[in-house]
Each structure stands twice: as C-alpha cells, then as structure tokens.
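Heads up, the thing below is written out as structure tokens.
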Amino acid sequence: MQLFYIAIIVPALVLLPIVAGLIIKVYKTSSFKIILFYLVFSGITNVAERLLGMRHINNLPLLHVYTIIEFLFIMRFFQLVLNHPATVRLAGWLMVIFPIFGIINFVFIQDIHRFNSYPRPVAALIIIAFCLFYFLKYSETENQKSWVYYPLTWIVSGLLVYFGSSLFYFAFLNVLIEKVSSAVAYLFVTIHATLVMVMYLLFTTGFLYAKNER
C-alpha cells in the first residue's frame, strides 16, 4: 500500500492542478501558465520514470535533466511574479549558471546514475530564497486581509513548503539509500511524496482563487 501511495497516488495527483488550471484557463496569465507548464512537464517526467522503472532501467539520469528544467521553470515564474529589475537579472544569471553547474555535476562529479545530491539542494536553497523574497515584497505592498485570497501566495507557499521541507532529503538521499534500512528509507520517501502532494494541493487552491480574479 505504501508503494502504491508513493508510485501511483501522489504522481497522479498532479492532474488536480492541471485540470483545475485548464478549466479556469489560468494559461491566459503568464505567471500561472509557467506553473501549469511546469506541472505538465512534471507529470510527463513521472510517467517516464515509472515506465523506465518497470523495465528495470535506471531512471536517475532523467532526474538530473528534470532538476535543471524544473529550476528554469521556477526561475522564470519568479521573474514574472516579482517584476523587480535586480531580481529579474539575478534570476536570469542563475538560469544560465545553474544548468552549467548541473551538467558539470553529472559529467565530472556525480555519476549520472546516482541521485544528484549536489545540484538539487542548491536549487532548493535558491528557490527558498526567492520564495522568502516574494513574501517580504508582498508584505510591504499588500494588506494582510487579502493575503489568503491572493492566488500567487498559494503557488509560492506550495514551492516553499516543498523545497523548504525537502532540503535535507535532497542533500542526503544517497546516504539515506545506502546507509539506512529499507524501512527507514521508505519512511523518508513517503514523507517526500506527501510534501509533493501538499504542493499540488496548494497549487490547485491557487488556481481556484485565480478564478475570482478573471
């Protein structure tokens, strides 16, 4: 049942925000469109990972590529949302530097058939910083009453919850897989899957609130 939850239920939940986004037509707004594309990309990648796994093919090279493309999606999202000249430039530079770092990592540093435990936590730290900057900027310009009803707040909250809570998991996954028992490893994987589910639910809520702005 635990494996079914991790491998089937949680990945399938990506359809919730995707369907909600398509029904509400959030793709008409640039920032929401980026998140929608990110979710579609994530869903396709999950399917590809499962198919490779079923054929007993190591699917970790896909994770290395996924991490880079995921980062590009999220940085572009923050460029559109924050609309701050210095932040836009910084995100632009990071969109160049991080892919280079990711490629160097799997070519020269970490085996592409192992978890990318260097780029993934670095990406998470950068995304966390942008999330916190968003909330700092928002708190200075918006009243607290509207905070809960602002769609982008839910999207950024989803990113912050997932990447903030998964930082340790990203950094030490290779160690966890190799050093701990299978039961403990499954526990961490289950927690990670739950965080993914929470992110999807927060994204769905953000898309639903976006309906009120149209």
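The values are calculated or read from the model by the stated rules, or taken from the named source; none is laboratory data. Note that this is a predicted model, so its numbers are computed, not measured. Note: ideal-geometry Cβ built from the backbone for every residue, glycine included; neighbour counts use all protein chains shown. Surface accessibility is based on the protein's heavy atoms, side chains included, excluding ligands, DNA and RNA. Shrake-Rupley method; radii C 1.70, N 1.55, O 1.52, S 1.80 Å.
Odds and ends about this structure:
- Per the listing F203, F188, the residue uniquely farther than 21 Å from F4 by Cα and out of contact with any Lys or Arg (no Cβ under 8 Å at 6 or more places or on another chain) is F203.
- For T204, the stated conditions do not hold, so it cannot be described as over 24 Å from Y134 (Cα atoms) and in contact (Cβ under 8 Å) with a residue 40 or more places away in the chain.
- Residue count for the stretch 114-133 under the criterion of being within 15 Å of I68 (Cα to Cα) and either open to solvent by 10 Å² or more (accessible area, probe 1.4 Å) or of a type in the set (G, A, S) (or both): the result is 10.
- Count of the stretch 30-60 residues, restricted to those that are in contact with an Asp or Glu (Cβ under 8 Å, 6 or more places away or on another chain) and surrounded by 19 or more Cβ atoms within 10 Å (Cβ to Cβ), is 2.
- Selection within the stretch 1-37 - of a type in the set (S, T, Y) and under 12 Å from F207 (Cα atoms): Y27, T29, S31
- Residue ID - most open to solvent (accessible area, probe 1.4 Å), chosen from residues in the stretch 198-214 that are of a type outside the set (A, V, I, L, M, F, W, C) and in contact with a helix residue (DSSP H, G or I) (Cβ under 6 Å, 6 or more places away or on another chain): K211
- Residue list for the stretch 83-113, restricted to those being open to solvent by 90 Å² or more (accessible area, probe 1.4 Å), under 30 Å from L52 (Cβ atoms) and part of a loop (DSSP other than H, G, I, E, B): H113
- For the stretch 172-197, a tally of residues being closer than 12 Å to P11 by Cα, open to solvent by 40 Å² or more (accessible area, probe 1.4 Å) and β-branched (V, I, T) returns 1.
- Members of the stretch 1-14 that are more than 14 Å from M199 (Cβ to Cβ) and assigned to a helix (DSSP H, G or I): Q2, L3, F4, Y5, I6, A7, I8, I9, A12
- The selection criterion, being among the hydrophobic types (A, V, I, L, M, F, W, C) and more than 16 Å from the chain's Cα centre (by Cα), does not hold for V122.
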